[in-house]
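The values are calculated or read from the model by the stated rules, or taken from the named source; none is laboratory data. Predicted model only: the values in this text are computed from it and were never measured. Neighbour counts run over all protein chains shown; Cβ positions are idealised from the backbone, glycine included. We work out accessible area using only protein heavy atoms, side chains counted, and drop any ligands, DNA or RNA first. Shrake-Rupley method; radii C 1.70, N 1.55, O 1.52, S 1.80 Å.
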Amino acid sequence: MADSDISVSAPGRLRLCEFIQDERDRILEEWTREARLLPGAQGLSRPRLLDHLPDLLERLSYVVETVHTGEHRTLEDLPEQHALDRLDAGFDLQEVTSEYGLLRACILRLYSEHVGERNAAVLVREMLLFSQTFDTAVGTAVARYASTRERTLVALDRISEAALGTEDLGTFLPKLLRVIVESTESVDSLALLLREGDALRVHAEVGLEEEVGRGFAEAIATERRPKELRSGPHGLQALYGVPLLYDEEVIGVAYMGSRTAPEFSNESKLLFRVMVGRATGLIVQAQLALREREALARVRAQEARTRRLQEVTAALSGAHTLEQVARVVVGRAVHALGAASGSMGLLTADGQYIELLEATGYTEEELRPWRRIPADLPVMFREAIRTGDLVLYETKEAFLADYPVWKGEPTAEEYGAFATLPLKLEARVLGALGLSFREPHVFTQEERDYMLVLAGQCAQALDRARLHDAEQRARTESQLALSRLNVLMDTAPVGLGFWDTELRYVRLNERLAEMNGVPVAEHLGRSLREVLPLLAPTLEPLFRQVLERGQALVDLELKGETPSAPGVQRYWLVSYYPVRDVDGTTLGLGGVVVDISDRKRAEEELRRTAEFRERFLGIVSHDLRIPLTAILLSSNTLIRSEGIPERQMKSIRRIITSAERMERMISELLDFTRGRLGGGIPLHPRTANLGHICRHVVEELEAGEPERELRLKARGHFEGEWDPDRLAQVLGNLGKNALAYGLPGTPVDFVLEDEGDTVSVAVHNEGPPIPPERLSHVFEPFQRAVEPHTVGGLGLGLFIVEQIVAAHGGTVRVHSTEAEGTTFTVRLPRRRAPSAGGA
């Protein structure tokens, strides 16, 4: 091995094998620049273009080095892998051989520049081996390229044949898998998954468990590149998958597995990728064709639905009543939506019930319990009305899961799908339309939209029918009301009239014409001033007020003269009110007139009689006081005299007691007269303490009724500007009243409360309540709370209480029940308002 010794000792590492190792990057750079000129290489990235060449150069240097070492080395399968990759990249055979030629030329050119003329003889053997190795690599690559290309073309032809004549994926995909299995070595398991929404679903598979492949497929789809597993689960030795890419979108994943081979050859993986690539285009075409057919079917279905909707609309246009609308809706809607049976229910006006208006496909016996059901009954109608949305069940099982009470019911068990449509008008739900289908049914979005449109048309028709029914009822009621008005105006004992906005008579009855002293015909069309010139200045402002304010004037008393009796004063009780159209427009005004002239004369006569009586009582009471005072003075003088026998003393005491009682009665009569005729009971207010006044009154009452218990409760401050004598009179009257009417043996309570600017005192007794019909009259003169009574007096005590309290600017109220007894509550302001009564 002299040559070897010479070459080893030669300077500059002149060996070809060493040159290739040292200058690999330079060689690849030169080769890349020249290879870019090849058509197939122009679109490749640098990593894809270089492919296996770095490893090929390294392996080539090892083979050339065997000239010196005597070892046996080969390029192994690198030329085959390179050929397969170039076939996968779309290179033709000439481009593959050109790559190798460029690589050989680059190495030799650069090596020649490196060694020059030195030691050329020493390197001849390396050059010979280099050329032989290169020729072997080219031959191997060409052979592998040609055989693989032939297999690929055959497989692609078979795939095209499998796709020929069918656009149905269900038919094409199993054929595709059989071609792949038969064309690829060691493949015994295969699956193809297509994307549906966000998930991958298996559309065809051979010998591969779905649980194994699904997670593997998801990883391939996520990484968007081929993926290989070795020693996989469930007995798989190898698993290889690729994404189905179309327009940079992953439409699916295909993977193959082997239980015999530990790995797939590069040729098998290339062939698999090529076949999957071709299949991707065919799958996309089939999907597009399927979508086109589905779109066409949807268009035709939509056209059919539109025709049926037009038929329903046309039929509804001729339906005027609710029953007619319901008959059209149920009959047509069931046919239009392909249902087996249907029913319509409407909400009652109060929203408490659903009334069945129409049904088809059910027997009368089945319908009888559903004619009127509570609105909150757990049925689909309730949900549709409550939510205002479709309620759909595509299977019987789904329906029974939500409504288990229907299990075993023929109306549910005989059907496979259910739908309830809300009959919705804007935000108001009128009712619902229920449909039942014999078989399970998937409700597409187009069907759902159609249902809502159909339900909307039905709701509008129902609303029109309701308006029609309401109009008919209104017309009937209007005619009936007009008839009743005519009867009322003809028979009413009061005057009735209607005027327009110009105050012209529109209508009146005979009674009003008689009051005015003008015939009915001479009223109509004429103004108020023309008919009643003397009353017009009084009436016209009132009429204008009613028209402008839109508010009624009720129970006004008017007086004046009429054309039929000039100079005679007459009185009327009148009420005037605005008359409006249904839209609120004021059409005029109406009036009710009652002639109260006779009543006013009778009232005046009664007033004069009562005034005379009250004045007479006042005069008599005043005049009686003089002799009564003389009697009391004389009696008191006698009772203090000595020597009068006891028998005469008792008579004198009876005289004094009777005289004092008469004096109280005369005082009450005088107070009554002042309250009714004299401008109110006179007061002399000054600073006083209501608590002290009340305590003094309680002590006086206790002295007169020692056997009864009187209780006083006071909390707070009770100073104010009052007439203490008059308040003592108020409290004394209330206390005597409580003692007189209270249950014997029960206490009488006086309770004072400090309420800030006001104070209150409540007098309470237990015992029989004041009858409800007398409660509103207890403060009237000469009235008693209970009849028959055994209490003396004139029945003026509570009247005087109210008059004194009112003169102080306060109030007095009574509350009386069986359980709580009777309580009189007086509430007084601490300072009397300037407008309060009294002198």
ask   = Can you tell me how many residues in segment 522-539 are surrounded by fewer than 17 Cβ atoms within 10 Å (Cβ to Cβ) and more than 56 Å from the chain's Cα centre (by Cα)?
value = 7
task = Could you please find all residues in segment 498-521 being in a helix (DSSP H, G or I) and either surrounded by fewer than 18 Cβ atoms within 10 Å (Cβ to Cβ) or among the β-branched types (Val, Ile, Thr) (or both)?
result = 510, 514, 520, 521
query = Which residue out of 704, 735 is over 60 Å from the mean Cα position of the chain (by Cα) and either modelled with pLDDT of 90 or more or crowded, with 20+ Cβ neighbours inside 10 Å (or both)?
reply = 735
key: Boolean, residue 262 is open to solvent by 10 Å² or more (accessible area, probe 1.4 Å) and either without any contact (Cβ under 8 Å) to a residue 24 or more places away in the chain or in a helix (DSSP H, G or I) (or both)   = no
ask   = Taking residue 761, is it modelled with pLDDT under 90 and either surrounded by 18 or more Cβ atoms within 10 Å (Cβ to Cβ) or polar (S, T, N, Q) (or both)?
value = no
request  = Looking at (1) modelled with pLDDT under 90; (2) within 60 Å of the chain's Cα centre (by Cα); (3) hydrophobic (A, V, I, L, M, F, W, C); (4) exposed (fewer than 13 other Cβ atoms within 10 Å of the Cβ), find the lone condition where residue 612 falls short.
outcome  = (2)
request  = Give the residue, chosen from 436, 478, that is polar (S, T, N, Q) and in contact (Cβ under 8 Å) with a residue 40 or more places away in the chain.
outcome  = 436
request  = Might you check whether a residue that is crowded, with 20+ Cβ neighbours inside 10 Å and either touching a Ser or Thr at 6+ places or on another chain (Cβ under 6 Å) or in contact (Cβ under 8 Å) with a residue 40 or more places away in the chain (or both) occurs anywhere in segment 489-497?
outcome  = yes
remark   = Scanning segment 57-82 for residues that are in contact with an Asp or Glu (Cβ under 9 Å, 6 or more places away or on another chain) and among the hydrophobic types (A, V, I, L, M, F, W, C), the one nearest to residue 16 (Cα to Cα) turns out to be 64
task = Check whether at least one residue in segment 244-253 is small (Gly, Ala, Ser), free of Cβ contacts under 8 Å to residues at least 40 places away in the same chain and surrounded by 15 or more Cβ atoms within 10 Å (Cβ to Cβ), and report yes or no.
result = no
message = Of all residues being over 20 Å from residue 91 (Cα atoms), surrounded by fewer than 18 Cβ atoms within 10 Å (Cβ to Cβ) and polar (S, T, N, Q) in segment 43-70, which is farthest from the chain's Cα centre (by Cα)? Just the residue, please.
response = 69
Filter result for residue 350 (modelled with pLDDT of 85 or more, over 23 Å from residue 468 (Cα atoms) and surrounded by fewer than 14 Cβ atoms within 10 Å (Cβ to Cβ)) = no
task = Return the pairs, sorted by first residue and then second, in which the second residue is at pLDDT below 90 and of a type in the set (D, E, K, R), the first residue lies in segment 709-726 and is more than 12 Å from residue 804 (Cβ to Cβ), the beta carbons are less than 8 Å apart, and the residues are 6+ apart or on different chains.
result = 710/702; 720/831; 721/831; 721/832
ask   = In the list 769, 747, which residue meets the criterion of being at pLDDT 90 or above, open to solvent by 10 Å² or more (accessible area, probe 1.4 Å), under 24 Å from residue 699 (Cβ atoms) and not acidic (Asp, Glu)?
value = 747
ask   = Across segment 540-569, what is the number of residues that are open to solvent by less than 70 Å² (accessible area, probe 1.4 Å) and part of a helix (DSSP H, G or I)?
value = 6
inquiry  = Every residue in segment 318-345 that is open to solvent by 40 Å² or more (accessible area, probe 1.4 Å), assigned to a helix (DSSP H, G or I) and touching a residue at least 60 places away in the same chain (Cβ under 8 Å), please.
reply    = 324
message = Out of 141, 191, 162, I need the residue that is open to solvent by less than 20 Å² (accessible area, probe 1.4 Å), within 30 Å of residue 75 (Cβ to Cβ), modelled with pLDDT under 85 and not polar (S, T, N, Q). Which one?
response = 141
task = Among the residues of segment 292-317, write down those that are within 31 Å of the chain's Cα centre (by Cα) and either of a type in the set (Phe, Trp, Tyr) or open to solvent by 50 Å² or more (accessible area, probe 1.4 Å) (or both).
result = 313
